[in-house]
Amino acid sequence: MLFSLAVSIGFAQQNPLQELIDRASAGDTLIIESGKYVGNLAISKRLHLIGKIFPVIRGSGKESVITILADSCTFSGFIVEHCGSMLVNEDAGIFIKSDYNRIENNTLRDILFGIYLLRADHNVVGQNKISGRERLEQGERGSGIHIWDSHYNTLQGNTISETRDGLYIQNANHTLIQDNEVYHLRYGLHYMYADSNTFLRNSFHDNVAGAAIMYTRGIIMKHNFFLRNRGFSSYGILLQDCHNMIADSNIISDNVVGIFFESSTNNFFRHNIIARNDLALQMFQNAVKNTFSENNFIDNLNPLTIVGKRTESAWSSSGRGNYWSAYDGYDMDGDDIGDIPMKIENVFSYLEGKNANVRLYLYSPAAQALAVSAKAFPILDVSRERDKYPLMNPLPMEWVAMFDRTIKTEASAPLHAQILPIMVPVVVVLVGYFLRKRRSV
């Protein structure tokens, strides 16, 4: 059955929506006209609430504004605001404690947590815009989308800003996270004890860290962007006790540290662009058996720092290494593979791994002189990290050119405009390479 309800903007005594919800039968669709509806709502039967011209549901300022307790509900087309302020109570704009719901095309503002899933499986959370309480310190805010002990959920097309973490995923397996934009917060993605999840075409930019992925197995990460994540202890991607991950065709650029590894093993990185970071890779020696093949390392100030002696990482697979813009070797046989290995670590980065404070002098004239001297007179073999099959030319990344999604917010340029400065060095080298080949034909 279809119901429609309209209330004037000035109504503020009682929320008539709760009475309408209580009267409706399971399976009904409620069309809610534009207006302001004051008070929290609880949905305890299967209903489809559709907002017309974005009606505002303003919470009481205590607890969660919308609580969904029934399975297979729809909540779409609303502005949700003014939830409670108690982190310990997990006050949220929308709190979901049930399965098979669709939460789509909503705007959440002035909220502590945005959308919170608690033991809630098979839900779709899509095309929502979530902005937290900017006036609070980051540690006093909740997450934009918070998932705990919930499985087989899909998060797609959401825009999240000004919360503590953008996407917080804990004890949640088989989650699909795609086409989200997350910016201006602590961790774009904060991931704990959750396995077999897939991340596609997300943008994590202008945060303290793009992603912190911890205590997980079996992650697939493809076509994501980790851009301009800067601040104290900032990373594009932080991996802590992360295993058996496949990271394919991502862009990690303009971060303090591109990728950080600790106690993370058997991860495979291929076809990624790791460009213009202060430090491309930082690894503890307990990060072993990670493989890098056919990645483009371009214009990073420092390619690698190891905390410890070595990592036992593999820098090639099936005879294919990586492209390093700093490689100055040669290719006499014309197979596009450098004839001498790429020594990835230098003397100064070795010292930096022993004493992090040395980084303050990393780009000083003395440090550069030390690097040149060590190359000319290789008396100390401080590094065993070598790419034995370095590529002479960067790999073309067709997926970037074909990637026609343009994310645009008040805080960011369209995504293709963000990517363009990163791709310029790759394009220049590729053009030169193909022109040389054309002249030789």
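The values are calculated or read from the model by the stated rules, or taken from the named source; none is laboratory data. The structure displayed is predicted, hence computed values, not measured ones. Note that we place each Cβ from the backbone using ideal geometry, even for glycine, and neighbour counts take in every protein chain shown.
Odds and ends about this structure:
- Residue in the range 268-291 that is in the same structural domain as Ser234 (by TED's automatic domain parsing), of a type in the set (Gly, Ala, Ser) and within 14 Å of Pro394 (Cβ to Cβ) present: yes
- Qualifying residues in the range 216-226 (those that are surrounded by fewer than 24 Cβ atoms within 10 Å (Cβ to Cβ) and not charged (D, E, K, R)) - the one farthest from Asn250 (Cα to Cα): Thr216
- Scope the range 308-338; condition in a loop (DSSP other than H, G, I, E, B), surrounded by fewer than 17 Cβ atoms within 10 Å (Cβ to Cβ) and in contact with a Leu (Cβ under 9 Å, 6 or more places away or on another chain); matching residues: Asp336
- If you go through the range 238-268 and pick out every residue that is over 23 Å from Ser318 (Cα atoms) and not in a strand (DSSP E or B), you end up with 4.
- Counting residues in the range 157-164 that are part of a strand (DSSP E or B), among the acidic types (Asp, Glu) and under 18 Å from the mean Cα position of the chain (by Cα) gives zero.
- For the residues Gly139, Gly166, the requirement of being of a type in the set (Gly, Ala, Ser), at pLDDT 95 or above, outside the structural domain of Asn300 (by TED's automatic domain parsing) and on the phi < 0 side of the Ramachandran plot singles out Gly166.
- Filter pass, Ile213 being touching a strand residue (DSSP E or B) at 6+ places or on another chain (Cβ under 6 Å), of a type in the set (Val, Ile, Thr) and not assigned by TED's automatic domain parsing to the domain that holds Ser234: no
- Tyr183 vs. criteria under 11 Å from the mean Cα position of the chain (by Cα), more than 17 Å from Val124 (Cβ to Cβ) and not assigned by TED's automatic domain parsing to the domain that holds Ile220: yes
Yes/no per residue for (1) farther than 22 Å from Val124 by Cα; (2) surrounded by fewer than 21 Cβ atoms within 10 Å (Cβ to Cβ); (3) without any contact (Cβ under 8 Å) to a residue 60 or more places away in the chain; (4) in contact with a His (Cβ under 6 Å, 6 or more places away or on another chain):
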site	(1), (2), (3), (4)
Gln156	no, yes, yes, no
Ile160	no, no, yes, no
Asp165	no, no, yes, yes
Asp179	no, yes, no, no
Leu189	no, no, yes, no
Asn207	yes, no, yes, no
Gly210	yes, no, yes, no
Met214	yes, yes, yes, no
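- Here Asp333 meets the list (1) in contact with a strand residue (DSSP E or B) (Cβ under 9 Å, 6 or more places away or on another chain); (2) over 28 Å from Gly188 (Cβ atoms); (3) at pLDDT below 95 almost entirely, failing just condition (1).
- Per the conditions (1) under 16 Å from the mean Cα position of the chain (by Cα); (2) over 29 Å from Asn267 (Cα atoms); (3) surrounded by fewer than 24 Cβ atoms within 10 Å (Cβ to Cβ), the sole criterion not satisfied by Glu134 is (1).
- Remark: pairs (first residue in the range 315-327, in the same structural domain as Asn290 (by TED's automatic domain parsing); second residue small (Gly, Ala, Ser) and assigned to a loop (DSSP other than H, G, I, E, B); Cβ separation under 9 Å; 6+ apart in sequence or on different chains) = Trp315/Gly321; Gly321/Gly338; Asn322/Ser316; Trp324/Gly338; Tyr327/Gly338.
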